[in-house]
Amino acid sequence: MPHGLRSQFVRLSPPRGFVAILVVAVLIAGLVSPGHAEEWPGFRGPRGDGSSQETRAPLHWSPNQNIRWKAPLPGPGNGSPIVWGSRIFVTGPTANPAERALFCFDRAQGQLLWTRASSYTADDPTHRTNPQASSTPVTDGSRVVAWYGSAGVYCYDFEGQELWRRDLGVFRHIWGYGSSPVIHEGRVLLNCGPGERSFVIALDLTTGQTLWQVDEPGGASGDKGAEEWIGSWSTPRIVRSGGQDLVLVSQPYHVNAHHPATGKIVWTQAGLGKLVYTSPVIEGDVAVAMGGYHGPALGLTLGSADAATPPQPLWKHEQKNPQRIGSGVVVDGKLYMANEQFLAQCLELRTGRELWQARLPQGAIWSSIVRVADRLYVTNQAGTTLVWKVNPRQLELLAENALDETCNASLAVSNGELFLRTHGNLYCIAEPAP
């Protein structure tokens, strides 16, 4: 409290009863504030499941409505923003085609505070729809980690000082890379690939040194046609099972559960196709993994971390599924999906039974769904964020918020504000304070 304001309160000397009423009013205001305000430290938020514990977020916006600020970005990118305290971080290319960068913005005004770029001049193939530096960064509140594929892994403090870097080798695929790093108990977990070199690795968050690495069969670079189209772009998930943590990673043809301290594969469940984009979704003891390019989807119960209880398959949907890029959200045993081809779905998590499907407004979708209270938010490639009500009976569309800019990234939520990255700008979306 400013000194002058404090002295005014002292001089007024309000009655004791007034003070008591004021204290109660402040406490009530705290209870009805945005509530459960939390950071958004990595891909799909603090739990990796796309859910926010906050109770409010903007419902409507446009280029001229509820835009608190808009900050230009030097190049297109698919990585989503992350939020911690007064800082917003996002990755992307710079104006120099050889550079991949981490950008730090001031949360209050959208001012660019610093840029840390790394140069990689060797051939680094990707698809035009998947620009370089496509992974989402991750933070623990003091360090920020970004992965740039062949250009390596970088760790910075909040002032932009480089703490360490690691060259993990060359990754080649005609569609580039997309998995994002995850921080868990002092480890940076990363699903590296796709391509001939594919593996899951844990790095020490403080030093960057390798703690463990588990190789995957991998596949070719995909430049010889459909017979070589294989790979995983899936971000790992941390799940609690039997009182212990597991690291679930969707890979071509199977799902692996790794021990987070050793990397040991505790169990494997077969049944996926050769292309995987989504991350596993989990509620209770049930997990669902979904393939891409119309590949299979499967539900299973989680096995124990000591392998005494193996996973049990619950259901499987074979070929001819929708093309799935973004991950879904689970609410009360129901899985909500927004698939690439304008198709929304609601499935029973435990049985795989489809409760409904509906066409969405035009615009293919690569981003993942974010849940705030009883609303689901997802942004299509035309830059329109669709908001639906959580409803297991039908699609109940609440809003269509168009920004008319290409977007493949997912929203971040923090303290009642939404942060959206398009190919041209970073947005802070917020309703006026009451």
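Out of all the residues in segment 234-242, is one or more out of contact with any Ser or Thr (no Cβ under 8 Å at 6 or more places or on another chain), among the hydrophobic types (A, V, I, L, M, F, W, C) and crowded, with 22+ Cβ neighbours inside 10 Å? Explain how you work it out, then say what you get.
To start, the set of residues in segment 234-242 that are out of contact with any Ser or Thr (no Cβ under 8 Å at 6 or more places or on another chain) comprises 238-240.
After this cut, where a residue has to be among the hydrophobic types (A, V, I, L, M, F, W, C) as well, the list is 238-239.
Of the ones still in play, those that are also crowded, with 22+ Cβ neighbours inside 10 Å are none.
Within segment 234-242, none of the residues are out of contact with any Ser or Thr (no Cβ under 8 Å at 6 or more places or on another chain), among the hydrophobic types (A, V, I, L, M, F, W, C) and crowded, with 22+ Cβ neighbours inside 10 Å.
Does Glu159 satisfy the condition of being in a loop (DSSP other than H, G, I, E, B), within 26 Å of Thr115 (Cα to Cα) and among the acidic types (Asp, Glu)? Let's see the steps before the verdict.
Working: in a loop (DSSP other than H, G, I, E, B): yes; within 26 Å of Thr115 (Cα to Cα): yes; among the acidic types (Asp, Glu): yes.
Here the answer is yes, as Glu159 does meet what is asked.
When Gly333 is evaluated against the numbered criteria (1) surrounded by 16 or more Cβ atoms within 10 Å (Cβ to Cβ); (2) in contact with an Asp or Glu (Cβ under 9 Å, 6 or more places away or on another chain); (3) over 24 Å from Gly178 (Cα atoms), which criterion, by number, is the only one it fails?
(1)
Pairs only if they're at least six apart or on different chains, beta carbon under 9 angstrom, first in segment 184-205 and in contact (Cβ under 8 Å) with a residue 24 or more places away in the chain and of a type in the set (Lys, Arg), second part of a strand (DSSP E or B) and crowded, with 23+ Cβ neighbours inside 10 Å; list them, first residue then second.
Arg187/Ala202; Arg187/Leu203
Of the numbered conditions (1) at pLDDT below 95; (2) touching a strand residue (DSSP E or B) at 6+ places or on another chain (Cβ under 6 Å); (3) in a loop (DSSP other than H, G, I, E, B), Trp267 satisfies every one except a single condition; which is it?
Result: Trp267 fails condition (3) only.
Of the residues that make up segment 216-223, is at least one of a type in the set (Ser, Thr, Tyr) and touching a residue at least 60 places away in the same chain (Cβ under 8 Å)? Write out each step before concluding.
Filtering segment 216-223 for residues of a type in the set (Ser, Thr, Tyr) gives 221.
Okay, now just the ones that are also touching a residue at least 60 places away in the same chain (Cβ under 8 Å), so 221.
Within segment 216-223, one or more residues are of a type in the set (Ser, Thr, Tyr) and touching a residue at least 60 places away in the same chain (Cβ under 8 Å).
Would a scan of segment 350-361 turn up a residue that is within 25 Å of Gly110 (Cβ to Cβ) and in contact (Cβ under 8 Å) with a residue 60 or more places away in the chain? Talk me through it step by step, then tell me what you get.
The initial filter retains those residues of segment 350-361 that are within 25 Å of Gly110 (Cβ to Cβ), namely none.
No; the residues of segment 350-361 include none that is within 25 Å of Gly110 (Cβ to Cβ) and in contact (Cβ under 8 Å) with a residue 60 or more places away in the chain.
Out of all the residues in segment 270-287, which are part of a strand (DSSP E or B) and within 23 Å of Ser135 (Cβ to Cβ)?
Answer for segment 270-287, where residues must be part of a strand (DSSP E or B) and within 23 Å of Ser135 (Cβ to Cβ): Leu275, Val276, Val281, Ile282, Ala287.
Buried (at least 22 other Cβ atoms within 10 Å of the Cβ), under 25 Å from Glu39 (Cβ atoms), touching a strand residue (DSSP E or B) at 6+ places or on another chain (Cβ under 7 Å) and among the polar types (S, T, N, Q) - does that describe any residue in segment 415-430?
No.
This table checks each residue for (1) surrounded by fewer than 16 Cβ atoms within 10 Å (Cβ to Cβ); (2) modelled with pLDDT of 95 or more; (3) on the phi > 0 side of the Ramachandran plot; (4) outside any strand (DSSP E or B).
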{"site": "Asn191", "(1), (2), (3), (4)": "no, yes, no, no"}
{"site": "Ile201", "(1), (2), (3), (4)": "no, yes, no, no"}
{"site": "Thr207", "(1), (2), (3), (4)": "yes, yes, no, yes"}
{"site": "Trp212", "(1), (2), (3), (4)": "no, yes, no, no"}
{"site": "Gly218", "(1), (2), (3), (4)": "no, no, yes, yes"}
{"site": "Lys224", "(1), (2), (3), (4)": "yes, no, no, yes"}
{"site": "Glu227", "(1), (2), (3), (4)": "yes, no, no, yes"}
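Quick check on segment 119-127. Is at least one of its residues among the β-branched types (Val, Ile, Thr), touching a residue at least 24 places away in the same chain (Cβ under 8 Å) and assigned to a strand (DSSP E or B)?
no
In this structure, is Ala297 small (Gly, Ala, Ser), over 19 Å from Gly193 (Cβ atoms) and without any contact (Cβ under 8 Å) to a residue 60 or more places away in the chain? I'd like the intermediate steps shown before the answer.
Numbers: small (Gly, Ala, Ser): yes; over 19 Å from Gly193 (Cβ atoms): yes; without any contact (Cβ under 8 Å) to a residue 60 or more places away in the chain: yes.
It is true that Ala297 is small (Gly, Ala, Ser), over 19 Å from Gly193 (Cβ atoms) and without any contact (Cβ under 8 Å) to a residue 60 or more places away in the chain.
Quick check: is even one residue across segment 139-151 assigned to a strand (DSSP E or B) and among the acidic types (Asp, Glu)? Spell out the reasoning first.
Restricting attention to segment 139-151, the residues satisfying the condition of being assigned to a strand (DSSP E or B) are 139, 143-147.
Applying the additional criterion that residues be among the acidic types (Asp, Glu) yields none.
Scanning segment 139-151, I find no residue that is assigned to a strand (DSSP E or B) and among the acidic types (Asp, Glu), so the answer is no.
The values are calculated or read from the model by the stated rules, or taken from the named source; none is laboratory data. Keep in mind it's a predicted model, so treat the numbers as computed, not measured. A quick note on method: Cβ atoms are made from the backbone with ideal geometry, for glycine too, and the neighbour counts reach across all protein chains shown.
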